Structure formats: structure tokens, C-alpha cells
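Student: Questions regarding the structure given below will be posed in turn.
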Amino acid sequence: MNRLGKKKIVLAILLSCFMIIFLSVDIVAAPVPIPKIGVEIGAADTPQDVALSLQILALLTILTLAPAILILMTSFTRLIVVFSFLRNALATQQMPPNQVLVGLALFLTFFIMAPVWSEINQNALQPYLNEEITQDVAYENAITPLRDFMLKQTREKDLALFVNMSSASKPNSPEDIPTYVVIPAFAISELKTAFQIGFIIYVPFIIIDMVVASTLMSMGMMMLPPMMISLPFKLLLFILVDGWNLVVQSLLMSFH
């Protein structure tokens, strides 16, 4: 191939590159349709506008308190505390990770609370969306099954503590107890139950630690950490008894 032919090939390649660059610039410069989102704030002209604004404010407040509602008004507290005790008893440091424990506790919470949420959806949410009941009636229908669940898991001693400390009159029945009294009583009752289950979980693993520590001391192996030797025995015991199945089964049965 002569020099003239080589120059033609190089010129053709350069022209192709310039065309690709210019076409790319045109494509990038082309306007991309972006949706316009606007929020208007103004004075309410009618009572309906005021009611709608209050409903939006109440909805935003509920969404803000949603994590606290999920943690303190459901079975999540007991589950996550017991799982934390279990991990500490095994002395596996960060195994399972926090994300795994929280995820497991969250899905178990969905499983345990499914009948309650199904009743709320059937008696409160769907009739309210279909405009069959008012907002006040929907709230009462929604809070009733949740209160029943909390009252079943709350000790009378914990409930009496907050009833006596509140300014409310002495109730004649569980229905007369205000919701703001039931929630903290349920929370501390769940914590006590979780700590009791955690203590029971700790006992066999403490026995293993004591046996291993005593054996190492009798053998004169003072410099060897007992935790290094006891950890495999703890894991072996947990595997042999099918620990996760046993712990989860016990937690599920504790809510019935």
C-alpha cells in the first residue's frame, strides 16, 4: 500500500471519529423530559381545605412515629432483645450481624402480628378507604385489636403501675384503660419477659464456660483464654439441639 492510500485511510478514520463525537454531543444536548413537581402553600379558603391540611399533618406525624410504633407496640422488642442475648451468650462477637438479627426479628414480627394487622385492614382501613365509616370510627376499629394484643402480653403489675401514676380514674375494665397507659406498660413487660428468656438461654452456655475454665486451671494452662476453647463447644451444643429452631419456636409460643 502506497503512502497516498495510507493517508486516505487515516483521514477516513479521523472523519469517522469526528462524526461520532458530534453526534454524541447532539444526543447529550437533546432535552431530557423531567417531571415537574410543585408544592403550593397558601391560605385555606374553605373548611374542607383546613380538614385536608390537618389530615396531611396527622399522616406525616404517624409516619414519623412509625418506627417507634413498630418497636414498642408489637412483638419486635422481645424478639430483638432475646436474639441479642443469644449472640452474647454464644460469644460469637458480631455473628450473626446486626442486620441479620434485625431482619429476622422484623419478619417474625410480621408473622406474629399478621392476624392483628389483618383485622385492622378488614375492619378499619378498607371500610375507611371505601368511605363506609368515618375517620374516628376507623381509628377505634384499628386501635382495638392492637390494644387487645398488648393487654394479653402485659402483666397486671406493670399495668397497675402506670394506672396508679396517671391522673386517670380507676378503670372498671380493660376497655377503660387509656391507650397512653397501655403502651408503656406493654413495653416494660416485654423487656422483662425478654430478659427472663435471655437468662434461660445464658444458663447452659455459662456452664460450658465454667467447665472449660476449671479444666484449663486444673491442667495449669493459665495463659490459654478459656473463651477460645469454650466457643467450639458452645457452637456444637447449639447445633446439636437445633438452636435457632428451638429459640424461634419458644418465642412464637410465648405470644400465645
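Student: Only residues that are in a loop (DSSP other than H, G, I, E, B), crowded, with 17+ Cβ neighbours inside 10 Å and either touching a Pro at 6+ places or on another chain (Cβ under 9 Å) or in contact (Cβ under 8 Å) with a residue 40 or more places away in the chain (or both): list them for the range 144-199, please. Explain how you work it out, then say what you get.
Tutor: Pass one, the range 144-199, residues in a loop (DSSP other than H, G, I, E, B): 154-155, 166-173, 177-178.
Applying the additional criterion that residues be crowded, with 17+ Cβ neighbours inside 10 Å yields 154, 177.
Correct list: I177 only.
Student: Taking P204 as the residue in question, decide whether it is in a helix (DSSP H, G or I) and under 25 Å from the mean Cα position of the chain (by Cα). Break it down stepwise before answering.
Tutor: Details: in a helix (DSSP H, G or I): yes; under 25 Å from the mean Cα position of the chain (by Cα): no.
No: the conditions fail for P204.
Student: Let me ask something else. Give the residue that is surrounded by the fewest Cβ atoms within 10 Å (Cβ to Cβ), with candidates limited to residues of the range 132-143 that are more than 24 Å from the chain's Cα centre (by Cα) and of a type in the set (V, I, T).
Tutor: It comes out as T134.
Student: From S75, S118, which residue is under 18 Å from I143 (Cβ atoms), open to solvent by less than 80 Å² (accessible area, probe 1.4 Å) and either under 13 Å from the mean Cα position of the chain (by Cα) or charged (D, E, K, R) (or both)?
Tutor: Values: S118 fails: either under 13 Å from the mean Cα position of the chain (by Cα) or charged (D, E, K, R) (or both).
Going through S75, S118 in turn, the sole match is S75.
Student: Related question: Taking the range 97-115, which residues are surrounded by fewer than 16 Cβ atoms within 10 Å (Cβ to Cβ) and of a type outside the set (A, V, I, L, M, F, W, C)?
Tutor: Residues satisfying the conditions are P97, N98, Q99, G103, P115.
Student: Of (1) crowded, with 16+ Cβ neighbours inside 10 Å; (2) modelled with pLDDT under 80; (3) in contact with a helix residue (DSSP H, G or I) (Cβ under 6 Å, 6 or more places away or on another chain), P127 satisfies all except one. Which?
Tutor: P127 satisfies all of (1) crowded, with 16+ Cβ neighbours inside 10 Å; (2) modelled with pLDDT under 80; (3) in contact with a helix residue (DSSP H, G or I) (Cβ under 6 Å, 6 or more places away or on another chain) except (3).
The values are calculated or read from the model by the stated rules, or taken from the named source; none is laboratory data. Everything quoted here is computed from the prediction, not taken from an experiment. Cβ sites come from the backbone with ideal geometry, for glycine too, and all protein chains shown count toward neighbours. Accessible surface is based on the protein model in full, side chains and every heavy atom, while ligands, DNA and RNA are left aside. Shrake-Rupley method; radii C 1.70, N 1.55, O 1.52, S 1.80 Å.
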